[in-house]
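As structure tokens, the structure follows; a few thoughts come after it.
Since every read-out is calculated from the coordinates, none of them should be taken as a lab result. This structure is a prediction, so every number in the text was calculated from the model and none was measured. Note that we place each Cβ from the backbone using ideal geometry, even for glycine, and neighbour counts take in every protein chain shown.
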Amino acid sequence: MSERIGVFICDCGPNIAEVVDTPKLSEFAKKQDEVVEVKIHKLWCSEGGRDEMKRAIIDNKLTRVVVCACSPKQHEITFQKVLASAGLNPYLMQMANIREQVAWVTKDKDKATQKAISQLNSAIKRVKVQKPLEKNEIECKTDFLVIGAGISGMSAALTLAQKNRKVYLVEREPWIGGKVVAYEDAFPKMECAPCMLEPKMDEVLHNERISLMTNSEITNVKGFFGNFQVQIKTRARHVDIEKCIGCGGCYDVCPVTVKNRFNGNLSERHAIYSAFPGVLPNAPAIDCETCLRYKGEDCKKCEESCPFGAIDYSLKDEYKTIEVGAIVVATGFDVMKSEEVKNFAGISEVYDAYQFERIISSTGPTEGKIVTADGGTPEVIAFVHCAGSRDKRYKEYCSGVCCANTIKLAHLTKKKSPATKIYEIYSDWCLPGKNYQQFHDKCIADNVEYVRNDNANDIKAVKKSNKIILTAGGKNIEADMVVLSTPIIPNYGLVQFNALLGMNIDSDGFYSAEHEKISPANTANRGIYIAGCCSGPKDVAQSVAQAQAAAGMALSVIVPGEKLELEVATSKVNDDLCGGCHSCIGLCPYQAISFDEVKKVAAVNEILCRGCGVCVAACPAGAIMNKHFTDEQIFSEIEGVLA
Amino acid sequence: MIDNFEPRIVGFLCNWCSYAGADQAGNQHKEVPPNLKIVRVMCSGRVDPQHVVKAFQSGADGVMVLGCHPGDCHYKEGNYKALRRMKLLEKLLHELGIEKDRFKLDWVSASEGDKFSRVTIEMVEKVKKLGPLTIRYNKNNEGGERHE
């Protein structure tokens with residue numbers, strides 16, 4: 001059946017008509033096969049133009065439309081809407097761009113007209129082989145999953161926990177609060193960190209729309225945007241949270257002691273433990289990897305000591321599968337360990353900033369007292385900026401928050417131990433944003449001695465008797481303690497965890513956003529959003545902002561009672577042609593192609609496909625088709641421009 | 001060089017950067033040689049070597065594939081795939097007797113109207129020097145045929 005093509009040529013006021021001979025285009029179009037209607041208008045995109053186009057489509061029973069006008073980037077959607085309003089599928093329209101790419105870039109009128117004819121010819125040839133495409137929609141689950149209950153994960157969960165929503169908040173530790181719960185003061189205003197954190201934690205614990213799962217981890221992720229099935233393993237805590245009042249009476253009877261990671265391994269804990277006083281949820285957990293009972297011994301000491309009968313060894317790990325529409329990943333960060341900075345490796349009393357944060361914390365290993373290994377007050381503490389940072393040998397980036405953090409630590413040291421002489425060894429200051437510079441200027445009054453040095457990673461450090469001698473900035477500093485401001489790095493478990501999610505990771509090991517500037521909370525994996533330091537170093541304010549953005553993005557697409565609208569121009573595999581070579585699978589940036597083990601062919605998931613066509617061009621069998629950019633369509637265009 | 005020879009160049013432009021860069025050249029009223037005829041694709045990674053060969057077969061004297069700059073691809077990394085593919089294609093074109101300067105892969109961003117103008121002018125000049133492509137595929141002869 002032959003098509004009935006309408007060609008609509010636009011003068012665009014003088015913009016096109018002054019350079020391109022549009023009546024000549026019209027003459028050309030009229031001579032083409034299957035073209036039944038050709039019209040010139042001074043401005044097709046105007047209201048009058050659109051009405052006239054709509055009438056022409058209906059009156060002439062057009063089956064295809066070519067609009068020979070401006071760039072499709074300008075008005076493709078405008079004219080697609082006209083087709084739709086005339087009852088024609090919007091994908092049966094093709095534009096020939098004769099304004100931006102012809103009239104505005106060509107001086108010679110004859111040449112411009114010739115080029116415009118070529119582009120018009122190509123559009124006519126293409127439109128003949130275009131196919132109607134329908135927008136697909138799918139049902140979706142409206143619950144959410146947030147992974148990580150630090151400040152970012154909690155902020156995302158609280159934003160997501162709107163009316164009629166359920167949010168699963170999964171935390172691998174037995175407690176919530178992430179890294180921020182380890183801090184007592186927050187830079188740059190030195191506000192009380194627990195005061196800002198605790199109301200959030202309290203809300204998370206008591207919000208009935210948030211299902212908090214501590215001591216839990218993700219063990220499997222299936223499905224995709226709109227319909228994820230996630231398996232969560234909750235390790236048995238062996239302590240009944242309902243019965244336990246968090247008195248701590250069970251800790252000291254436990255015969256096992258191991259390093260307490262929460263305190264940077266500077267203190268010890270038992271197998272039944274709370275990492276620090278005041279954990280939430282307020283109950284200890286038994287760490288089965290170190291508990292004697294789970295190594296075959298019949299120790300019952302904690303059970304015997306509990307006056308509330310809260311300890312239950314029979315509890316088993318539980319697996320639960322949940323169905324959610326979207327996932328927010330907020331798996332946080334670690335700081336590079338001081339041992340990894342080679343010039344300080346192996347020297348005792350060298351701490352990273354997180355460890356020192358714990359030293360000065362009233363809930364830390366020394367309950368906030370700054371003492372040397374032999375129990376005395378340190379005479380000299382040296383803070384070293386940029387250790388392990390801004391250097392090709394380590395991490396090339398600047399974490400952006402450690403200068404302010406180091407100033408904070410020095411300031412708190414001065415308050416707690418006024419007699420201690422403090423050095424800050426720095427190479428450059430990075431103090432962007434509100435209040436940071438003022439914070440630095442205020443802390444100069446602390447009488448800290450600033451020593452400028454080229455590169456922290458070239459400082460010579462040796463231990464002589466009880467002193468660490470640092471050669472930096474032309475000085476020899478004899479310090480009792482050294483604190484290294486090491487970079488914020490991706491969580492040590494991120495790579496292993498990512499095997500479940502298959503997200504893009506950047507060259508520094510952080511999760512990469514779909515676009516770092518214009519969609520910082522989205523990822524290439526539709527329906528998976530990122531928040532906080534798992535996507536790069538951030539301060540608390542930036543983390544919370546990204547978390548709330550991630551939640552907002554998820555809320556805006558997953559709406560109860562509404563279906564998810566899918567990309568139209570996706571790719572499709574022809575099962576008869578596919579040889580099952582797998583070439584396309586690894587190429588897809590969106591993990592949209594999988595292998596159908598039953599049919600032994602590749603299968604494109606239309607929910608994830610964005611229609612780039614990389615797989616189409618890669619398929620050695622020509623088995624994959626991009627619905628709106630088929631080979632046939634592209635070939636027609638090529639023939640058209642060259643005819 | 002043949003006097004008054006006007007080469008026909010086909011440009012495959014990715015929708016997000018280079019096609020927008022071509023529009024930007026228009027917005028800035030830069031010169032773009034009318035020899036260039038444009039085919040829009042969503043991503044330079046969609047360009048199949050067959051498309052390039054087809055263009056030469058159908059009468060193009062030169063072919064350009066323009067995509068987003070490395071690292072800027074709208075689809076993350078389609079342009080890297082185009083890069084790998086086109087490197088191999090260059091070798092094939094050489095085997096077919098098509099001169100190196102008749103094919104160009106380059107990166108033009110949406111803001112680079114001036115670069116779009118420059119690379120297209122350069123392309124036309126180079127192909128003008130080479131003259132018309134004399135090797136064409138003949139439908140009746142699988143091996144192809146050399147003719148004027």
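Here the convex hull built on the C-alpha positions of chain B has a volume of 96 cubic angstrom per residue.
Shown in residue order for the stretch B:24-38 are the 3J(HN,Hα) couplings computed by the Karplus curve 6.51 cos²θ - 1.76 cosθ + 1.60 at θ = phi - 60°: 5, 4, x, 4, 8, 6, 7, 7, 10, x, x, 5, 7, 10, 10 Hz (x for Gly and Pro).
Relative to the longest principal axis of the Cα atoms of chain B, the long axis of helix B:113-130 lies at roughly 10 degrees. Taking all Cα-Cα distances within the stretch A:464-559, those exceeding 17 Å account for 60%.
Considering only alpha-carbon pairs that sit under 8 angstrom and 6 or more positions apart, the relative contact order computed for chain B is 34 percent.
Lysine pairs in the stretch A:57-140 whose alpha-carbon atoms fall under 18 angstrom of each other, counting only those eight or more residues apart or on distinct chains, come to 8. Looking at the protein assembly as shown, the DSSP beta bridges with both ends there are about 45 percent antiparallel. For the protein assembly as shown, the alpha carbon convex hull comes to 213 Å³ per residue, rounded to a whole number.
Cross-link reach is defined here as a Cα-Cα straight distance under 24 Å, omitting same-chain residues fewer than 8 places apart; for A:Lys189 the lysines meeting it are A:Lys179, A:Lys200, A:Lys369, A:Lys408, A:Lys414, A:Lys415, A:Lys416, A:Lys421, A:Lys434, A:Lys442, A:Lys538. ³J(HN,Hα) across the stretch A:264-275 via Karplus (A = 6.51, B = -1.76, C = 1.60, θ = phi - 60°), whole Hz, x for Gly/Pro? 3J(HN,Hα) across the stretch A:264-275, in whole Hz: x, 6, 8, 9, 10, 9, 9, 6, 9, 7, 10, 5. For an R0 of 51 angstrom, estimate the FRET efficiency from the Cβ-Cβ distance between B:Lys129 and A:Asp428 and round to the nearest 0.05. The calculated FRET efficiency here is 0.50. Working from the Cα coordinates of the stretch A:442-508, the gyration tensor eigenvalues give, after taking √(5λ), semi-axes of 37, 16, 12 Å in decreasing order.
Each principal axis of the Cα atoms in the stretch A:374-452 has its own extent, and those three values, largest first, are 37, 32, 19 angstrom.
Semi-axes of the equivalent ellipsoid of the stretch B:16-84: what are they in whole Å, largest first, if each equals the square root of 5 times a C-alpha gyration tensor eigenvalue?
20, 19, 8
Where the alpha-carbon atoms of the stretch A:23-157 are placed on the principal axes, they occupy 67, 37, 29 Å, in descending order. For the stretch A:446-540, the set of GluC sites (Glu not before Pro) satisfying both a DSSP loop assignment and a count of at most 11 other C-beta atoms within 10 Å is given as A:Glu516. Just so you know, the Rg over Rh for the stretch A:244-326 is 1.03, from Cα atoms, with Rh as the Kirkwood radius.
Extension gain for A:Glu134-A:Asp110 works out to 4.6 nm (0.36 nm per residue, less the C-alpha to C-alpha distance). Ignoring aspartates and glutamates fewer than eight residues from A:Lys563 along the same chain, the ones with Cα atoms less than 17 angstrom from its Cα are A:Glu134, A:Glu137, A:Glu139, A:Asp143, A:Glu323, A:Glu606. Overall shape of the stretch A:402-542 was characterised from the C-alpha gyration tensor. The equivalent ellipsoid obtained from it has semi-axes of 37, 19, 13 Å, in decreasing order. Panel values: the stretch A:135-270, Kirkwood radius from alpha carbon pairs, Stokes-Einstein at 37 °C and 0.692 mPa s, translational diffusion coefficient 190 µm²/s.
The alpha-carbon atoms of the stretch A:212-262, seen along their principal axes, cover 48, 27, 16 angstrom, with the largest extent given first. Placing a pseudo-label 7 Å from each Cα along the Cα-to-Cβ vector at A:Leu500 and A:Lys163 gives an inter-label distance of 3.3 nm. Hydrodynamic radius of the stretch A:531-643 by the Kirkwood approach over all distinct alpha-carbon pairs: 16.8 Å.
Take the Cα of A:Tyr492, step 7 Å along the line toward its Cβ, and report every residue of the stretch A:374-393 whose backbone nitrogen sits under 19 Å from that point. Under 19 Å, as judged by backbone N against the label point of A:Tyr492, lie A:388-389 of the stretch A:374-393. Could you calculate, for the stretch B:7-52, the ratio of the Cα radius of gyration to the Kirkwood radius, expressed as Rg to Rh? Ratio of gyration radius to Kirkwood radius: 1.00. Less than 5 angstrom separates the built amide H of A:Thr363 from none of the residues sequence-distant by 5 or more or on a different chain.
Cβ-Cβ distance of A:Asp441 and A:Tyr294, R₀ of 35 Å, FRET efficiency by 1/(1 + (r/R0)^6): the value works out to about 0.05. Fraction of C-alpha pairs exceeding 21 angstrom in the stretch A:328-397: 37 percent, rounded to a whole number.
Could you work out the helix-only [θ] at 222 nm for the protein assembly as shown, with each DSSP H run of four or more residues adding -39,500 (n - 2.57) and the total divided by the number of residues, to the nearest 500 deg cm²/dmol?
Calculated at 222 nm, the ellipticity per residue is -8500 deg cm²/dmol.
Compared with the alpha-carbon gap, the fully stretched path from A:Met1 to A:Lys189 is longer by 60.2 nm at 0.36 nm per residue. Computed from label points 7 Å out along Cα-Cβ, the spacing between A:Asp576 and A:Glu34 is 2.2 nm. For the stretch B:5-112, lysine pairs with C-alpha atoms less than 21 angstrom apart, excluding pairs fewer than eight positions apart on the same chain, total 17. Each label point was placed 7 Å from the Cα along the Cα-to-Cβ direction; for A:Ser46 and A:Glu268 their separation is 8.8 nm.
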